[in-house]
Each structure stands twice: as structure tokens, then as C-alpha cells.
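Worksheet: the structure to be examined is printed underneath.
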Amino acid sequence: MKRFLVRVRDAFALRCNFCLLALLALPMSAQTNPASPSSTAPAHFAFPPADLMNIGVYYYPEAWPAEQWSRDFANIKKLGMEFVHMGEFSWAFMEPTEGHFDFAWLDRAIQLATDQGLKVVLCTPTPAPPVWLTSAHPEILMIDANGRQMQHGTRQQASWSVPLYRQYVAKIVHELGKRYGQDPRIWGWQLDNELTHYGKEPDYGPESQASFRAWLQKKYGTIANLNRDWGNAFWSQMYQTFDQIRIPNQLEQVAQMNPHAILDSQRWFADETADYLRFQTDILREYCGHRQWITTNHIHNFPAVNPVLNGKDFDVVSWTHYPVHGNANRGPLGFRLGDSAVISFAGDFMRSINGQAGVMELQPGQVNWGDVNPQPYPGAVHLWIMRTFATGSKFVCTYRYREPLSGAEQYHYGLVGTDGVTPTNGGEQYAQAARELVQLRTLAKPNAPLPAAYAARRTAILYSYEDRWEVDNHKQNKDWDTYEHVLKYYRAAKRAGAPVDVITEDKDFSAYPFLIAPAYQMLDAELVARWKAYVEAGGHLILTARTGQKDRRGHLWEGPWAMPVLDLIGAKIKFYDTLPAPNVAHVKAGDQTHEWFTWGDVLDPQPGTQTLATYSDQYYAGGVAATTRALGKGTVTYIGVDSVTGDLEAQLLGDVLKKAGAKPEQFADGFSVDFRDGLWIATNFTEKTQRAPIPAGKRPVIGNADVPIAGVTVWQE
Ligand code: GAL
């Protein structure tokens, strides 16, 4: 990240002043956004823009009788699927004994799939090491926080920090590359699977400990630097050598752990995981170059693994999502519908990483692993597919084709049920979406620029995993939720009808009329200077509670609270407050009052700064909670309070857009209208029918102007 900063800052200093001017001078319809669904950024040739989105499914040939494969592939094709995903966990079949490889079965499955006209996504089978390997080399098995060694019997029990494990991984990946890296039937590759140790990350074994120490040594050079940056003078925490350091593990500690040690261990774990993915990518590239695409399937919101770190390694960033598994979500139907913002935030984030994203696993119906596994709402599976389409996905793939009859994922829906042939309701919805995609390809205008009124609302949310870790390590209120705080602004932008990119600091801010940095706790003078230049050139910056409290090391500033942003926001922060639930306090903006309790900054606006919201109660009633000021050609708004429902955030963001002339919509929370490739897509996750804003004279090509619960309506620009 740092290395980008200097480059971007220099480029920015030159460009920023002209960019917004140039942007404003352009007819809005000519503006396209490098990361948006209507991007003109070159697509990987495997994803021609005219294809819009390919649709496919997971199949595990090794788990089904070989005589059923051709029937299954034929039925997959009949449902309208365009690709099939295979091989992810099949190491025991690919290398049944050490050094003896068997790909005959896979060759046959690939040929049968290809005979049906299906493209094939292959996987490296590395999340599931065979028992011969772990029996011969138990030292590759991870050690959990309790010091217990994991054993064969499920998956992802080996540690990617153990060099010996990597040697075995390298062998199987080389074999796959040699055999299939030039094979035109193979469309692309998924590496490993959802890289985590399934709730037991990281590995605390000796090789991981050594890797953490080496990472620290590289970062700090000397132990004195580390002691200084970790604040080790307190509690006699001073280390004398790097060898004395262990990965922080609360189970081996009496009191609260050092927050800088925790943050560094999070950074290390993310780097280590990214390095492992790069290790596999580099091997495959020797064989396939970029003729076949490479990705991994990140969990949509799993902050321990940072997808940004592999943005340059992969041709496409992909992710997995299971919207309903007993989680309440929002509203009375949320447990059946999922949460619109959660799905599309992930889409808008993953796409913004390198311009191309796809959904590798999307729930086809009930799952088996939630605490409660309810039926999705009728139509919800189709709704999720089309929501991912709306965020610009290049492909969507569902997990899985057949409902398993035995093994660890019994009770998990597939596109077909337990008889292996009859489509489930999820299967029917996939078939419906597949037919619609074929229809939409004839109606779309690939890469059409964003329509002017929509482009005028273009919003970026600045999002950093490191910040999320840092804030979550110091919540100050157990009910504070950094991700939810960010999502409140995302929801607010979608309610206003804005196209959103969720971006990282290496991106050019000047492409966006509106830039929101929610709870952006750690920063430096360079970032503040970029924000200032952005605003002076005409941008509208929204900073929120907790932003700017710390430097990049996670130290508070030796000066006034949030010192570096005070000039920019035109206010001082007198103090912050937070209340234990079930207490709630109130904040008033205009004629609306909202509840809050997790975080409230009490501000002291300086001359020239206007008050947008004030506290209605507590001993500081009348104190200022949100401000705005003009600066150069733009504005800076600071919202220091985190409301319970997110309605305050929606109200204030709507006002910023309105004042800037961007004419916000007022959609219900959960009803979104997005644009891609010349098409408008309305998706309804609310509990009521919603009206799609179809202009007079236009007719929907999918659905109706009244969009029912779980409904989707599409019309042409
Ligand atoms: C995913 C995982 C898949 C499968 C699926 C079941 O998280 O990547 O391998 O287990 O869950 O819903």
C-alpha cells in the first residue's frame, strides 16, 4: 500500500486540479468509471463484454458413479449452465499414492463436460491433503490456539506456512499445469478453496511462528524499533531478540494482548496467505500464462484474508456467498432474503480490486452448516443471481449440482435433489436466470457509459482491511461493528441511487464526485493531503466517526484528538462518548431524530463550519455531532455519530448529494437500481412491492414495473 502512496500522491498532485475540472466539463454521459460495471477497462479475453455474465455450477465427478456423469453433464447443460467447476478437493484421486498421479478419471469428466459444450473450471486440490501425506508427515498439520494438532478427517488441516507442505503442493500443481495448462477445454483455474483454517486461523505451529518472526524482522530491522512501535515499555514487555516473540494467542496470555502485536499478526497472516496463493499462481502461470484465467474463491466478508493483496496476481477476483443460513439479516424476511447491501458491497469491492470479479459460490437453496437452515424466500435464489449481475460480475457459479447423499454436506441443496435429476426450486431459478442471460445478451449494450444522472451520483467508499482490524481491536463498545458502520454508508449510497465502488487507497479518487471514508482510523499526512486536494478540486468528502485517530502504526497522535484531520473538517473533537446497551441516546438532524449508542464524537465547529446534527440528550445535549464546510470547489462533511438504523447516515448523505446537485433517489433500504451494459436492474430485498423508476415510454424486458418481494425487473436504457 505504502509504495503506491508515493506514486499516487505525486501523480495526484499534478492531476487532481485538472481532473475534476475536466470531469465537470465533460458531458456526464461520456464518463465511465474504471471499476464500475460499465467499465471500458479491457476485459480478460475469457470474459468478452458481450457475454455479460457466464453461469455455471460445481460438480464432483469423483463422488458419483462414473456411469452417471454423462447424464449429469447433459442435465447441467439442459438447465442452461455454461460452465462446470471440478477438482477442488480431489487430491486423493489425483495422487492416490505419493508420486503416482491419476488423471484418467478427470480427463474423462472433462471430455464429457466439453461434449455438452460446457466450459471447464479446474481447481488445485490443495485444501484437502490425502491421508498418506498427513500420516507420513504430521508436521504439515496445523496447530490451533489450544496447541492441538489438527488431524485428517475434514479439510484445510495443513498449514501453508510449512515449507514441506508447500513442496507437496508444488508437485501436484506442477502436474496439473503440465497436463491441463495448454488444454483449450479448460477455461480457468480456482486455487485452493476459501483460504482459512475454518475458524481456527492462524496456525500456531513452529513454522508459522518462525514465519511471523521473519516477517517482523523484515519490517522492523531491529528489536529496538519493534519495542518502540509496539509500546513495549509498558508492563515490561520489552523483547531482546526476535526469537522471543510468539504469534499473539489470547489462550496463552493472562491479560489483554498488545494491540500492535495483534495488528502485526493480522497483517502477517494476510500476507502469508496471499504469498501462498501467489506461490500456486506462479507455478500454474509457467504452463498456462494468461491463456487460462486464475483466481481463488475468497469468502465474501472474511477479513483475515485480504483479497486486495492478490489483486495483481489474478485475472479475476472471485468470492463466495451464502446469503441465508439462519442469520437474521434485516427485517422480518431477512433470514429468507439475505441482505442486499452485504451481497453488493462484496461485489462492488471485489470488482474494484482489479476491474474484474465473479461469484464462485452462490447458495442454491438450503445449506447444512448454519445454526438454523431455513428455506430461502421463493425467488430469492434468482434475486441473488441478478444482484450479483447488477454489480458487474463476469460469472456466477452455484455450489453445487447434486445434493449429496452421504458425507459431510448432507442436507445441502443442489440444482437437483436427492434423485440426482429433478431440479430443486433453486435449480429452476438458476435455469430461469440462465434463460434471461441469453435474452439480455441480445438487448445489452456492452460497456455502455453510465447515464448522466446516475454518473453524477458516483460514489467511492474507501475501505481498508488494516483499518477494520485496528478499529475492531479497540471497539470501545462491544456492540460497535466496523463492517456494519461501513455498510451503513453503503446502504445510504444505494438508497440515494448511487453507483458505488468500494476502493482502496491506491485508486484515483478524482473519478468520483463523492468519496466516503468511514471510520478510517489510521492515516498519515499524505492521505490527508490527497483528500484536501480532492476536495479543493471539487470533490465532496465525507469522513465519519473514528477517522484519523491514529498513525499507520496504530499510535494515537501526540496532539489534539484526530489531529491530522481537524483542519480539513474545520472542527475540533472535544471528546467521544459511547453508551452501554440497552441505553440509547438521540441525535437530531433537521427535523428528524435518530437513536445512537455505539459512538458519538462531540465536535467544536470552527468559524465557517456549519452544524448538521446535534445531540438531543445526555449531559452534552446541544453538542455538535456532524458538520460540513466548503473548501475550494468542494465540501468536507464529518459525521461523528453512528446511528442505530443507518437512517441518519442516509439522511445526511442524501443532503450532501442534493446540495451538490446530484439529485439523490429515495429508494427504500434494500431496493436497488443499478446499471450495467445498457441495462437497468432493479432488485427488491424489502418486505413490500416497490415501484421501479422506469421512464415513460419504456417497458421492462424482465419482470414488471411493480417489483414484488424477491422480484427483479430489468429494462433497457
Ligand atoms: C463453502 C465452501 C464449499 C462448501 C460450501 C457449503 O463455504 O467453500 O466448499 O463447503 O461452503 O455451503
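The values are calculated or read from the model by the stated rules, or taken from the named source; none is laboratory data. Values in this document were obtained by computation on a predicted structure and should not be read as measured data. Please note: Cβ atoms are built from the backbone with ideal geometry, for glycine as well, and neighbour counts cover all protein chains shown. Quick note on the areas: whole protein, heavy atoms, side chains included, nothing else; ligands and nucleic acids left out. Shrake-Rupley method; radii C 1.70, N 1.55, O 1.52, S 1.80 Å.
For this structure, a couple of remarks:
- Ordering of 492-499, 683-690 by burial proxy (mean other Cβ atoms within 10 Å per residue, highest first): 492-499, 683-690
- Options H321, Y615, L515, ranked by Cα towards positive dipole end of the chain, top entry (Cβ charges): L515
- The Kirkwood radius of the stretch 40-157, taken over pairs of alpha-carbon atoms, gives through the Stokes-Einstein law at 20 °C and 1.002 mPa s a diffusion coefficient of 129 µm² s⁻¹.
- Equivalent ellipsoid semi-axes, the stretch 676-716, via Cα gyration tensor eigenvalues times 5, rooted, Å: 17, 11, 7
- Taking all protein chains into account, the per residue accessible area for the chain stands at 37 Å² (1.4 Å probe).
- Unit charges on C-beta of K, R, D, E only; dipole of the stretch 457-659, Debye: 540
- Relative contact order, whole percent, for the stretch 105-212 stands at 38, derived from Cα pairs under 8 Å and 6 or more residues apart.
- Counting DSSP beta bridges with both ends in the chain, the antiparallel % (nearest 5): 50
- In this structure the amide hydrogen of Y576, modeled in the peptide plane, comes within under 5 Å of the amide hydrogens of V602, none closer than 5 places in sequence on its chain.
- Accessible surface of the stretch 178-317, 1.4 Å probe, proportion on carbon and sulfur as whole %: 54
- Surrounding net charge for R441, when Lys and Arg each add one and Asp and Glu each subtract one, Cβ distance under 13 Å: -1
- Charge tally in the Cβ shell below 10 Å around Q606, where Lys, Arg are +1 and Asp, Glu are -1, Q606 excluded: 0
- Chymotrypsin sites (Phe, Trp or Tyr not before Pro) lying in DSSP loop within the stretch 270-369, provided at most 13 other Cβ fall within 10 Å: W369
- Summing Cβ point charges (Lys, Arg +1; Asp, Glu -1) relative to the Cα centre of the chain gives a dipole of roughly 1800 debye.
- Applying both filters, DSSP loop and at most 16 other Cβ atoms within 10 Å, to the chymotrypsin sites (Phe, Trp or Tyr not before Pro) of the stretch 370-426 gives Y411.
- Inter-part distance, the stretch 310-383 to the stretch 141-171, computed on C-alpha centroids, equals 28 Å.
- Mean projected area (nm²) of the alpha-carbon convex hull when the chain is viewed from all directions: 30.6
- The stretch 88-243, dipole about Cα centre (Lys/Arg Cβ +1, Asp/Glu Cβ -1), debye to the nearest 20: 340
- Loop-located GluC sites (Glu not before Pro) in the stretch 58-125, at most 16 other Cβ atoms within 10 Å (DSSP): E98
- Cut-off 11 Å between beta-carbons: net charge of the residues surrounding V359, Lys and Arg +1, Asp and Glu -1: +2
- Theoretical ellipticity at 222 nm over the chain - DSSP helices of four or more residues, -39500 (n - 2.57) apiece, nearest 500: -10000 deg cm²/dmol
- Distance between the stretch 445-486 and the stretch 624-651 - C-alpha centres, whole angstrom: 15
- The stretch 49-111 and the stretch 514-534: distance between their alpha carbon centers, rounded to Å: 47
- Taking amide H as placed 1.01 Å from N in the peptide plane, N54 has its amide H under 5 Å from the amide H of F395, V396, each at least 5 places away in sequence or on another chain.
- All distinct Cα pairs of the stretch 457-659 go into the 1/r average, and the inverse of that average, the Kirkwood radius, is 16.6 Å.
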